[in-house]
Amino acid sequence: MDTQVADASVNFGLFKASGVVFGLVLTIVAADAILARRGIDTSVGHWAQAWARRYPAFALAISFFFGALIGHFFWDTWSPI
Amino acid sequence: MATGAAMIGVLWEVWAATSSATQGLCKVANGAPFTTFPYPSQVFVLTAIGAYVAGHITSRYAVEVRPELRAGLGQEKFDRIGPVLVVKLFATGFLLIATILNLYEARAFATGNWPITYYVWCGAAASPFFALLGAAIVAFLIGRWLWIPR
């Protein structure tokens, strides 16, 4: 089977996919920095944990979703040839 | 500060690679990218599992040092209405965006466009290190935030 190199048009899609992941992390880091600058002793993570304590079923569902997402993306079970 | 600088550096590197390449960054066959990454897929999966567990373990230390953080949303230290509404808004917004992206993914297969999955596969083939880093960071944050310590 002949393989080809992907079209150049996919490159911006690659940037968008990585931009979402790493951009979200950057946003969280920025939010934590703002909270720290204001002298607030709770971080974004502390509030996320508080939400998870209040809604444990939702927390479990979202954890499962991300686990399934990582397995879907990276657990190699299919090849195009 | 260091983490923010690192993330900006990563985004800059990804932008530089994707905007300067004269062709795509991965191999395709039958219109779909290969899923045979430079690292074995088990590396990605086991790294994500390890990061998830590491996230939980680090969160246990945090609540042992500061037991006042064991409160739920709307209780004790987390009872200010403004931040509570912001957190609930983010949670709802995240679920809405996840739904929209899943609908886009499903529709992409029907219309013949590349689904998001293909872009992730292409990115993992082009730079398995950044794909591994992204998976590990996400898994670590999920373990730290959602696998709540008692």
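Quick rundown of the values:
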quantity: Out of A:GLY13, A:GLY67, sole residue that is open to solvent by 30 Å² or more (accessible area, probe 1.4 Å), assigned to a helix (DSSP H, G or I) and on the phi < 0 side of the Ramachandran plot; calculated: A:GLY67
quantity: Residue within region B:90-101 that is in contact (Cβ under 8 Å) with a residue 12 or more places away in the chain and surrounded by fewer than 17 Cβ atoms within 10 Å (Cβ to Cβ) present; calculated: yes
quantity: Unmet criterion (only one of (1) open to solvent by less than 70 Å² (accessible area, probe 1.4 Å); (2) within 27 Å of A:VAL44 (Cβ to Cβ)) for B:ALA126; calculated: (2)
quantity: Conditions (1) among the basic types (Lys, Arg); (2) surrounded by fewer than 13 Cβ atoms within 10 Å (Cβ to Cβ); (3) more than 24 Å from the chain's Cα centre (by Cα): number failed by B:ARG107; calculated: (3)
quantity: Count - residues of region B:61-81 that are modelled with pLDDT under 85, part of a helix (DSSP H, G or I) and loosely packed, with under 14 Cβ neighbours inside 10 Å; calculated: 6
quantity: Subset of region B:18-43 that is among the aliphatic types (A, V, I, L, M) and open to solvent by 50 Å² or more (accessible area, probe 1.4 Å) - its residue that is nearest to B:ALA136 (Cα to Cα); calculated: B:VAL43
quantity: Residue within region A:24-34 that is at the interface with another protein chain (Cβ under 8 Å from one of its Cβ atoms), open to solvent by less than 60 Å² (accessible area, probe 1.4 Å) and assigned to a loop (DSSP other than H, G, I, E, B) present; calculated: no
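The values are calculated or read from the model by the stated rules, or taken from the named source; none is laboratory data. These figures come from a predicted structure and were not determined experimentally. Positions of Cβ are generated from backbone atoms using ideal geometry, with glycine treated the same way; all protein chains shown enter the neighbour counts. We work out accessible area using only protein heavy atoms, side chains counted, and drop any ligands, DNA or RNA first. Shrake-Rupley method; radii C 1.70, N 1.55, O 1.52, S 1.80 Å.
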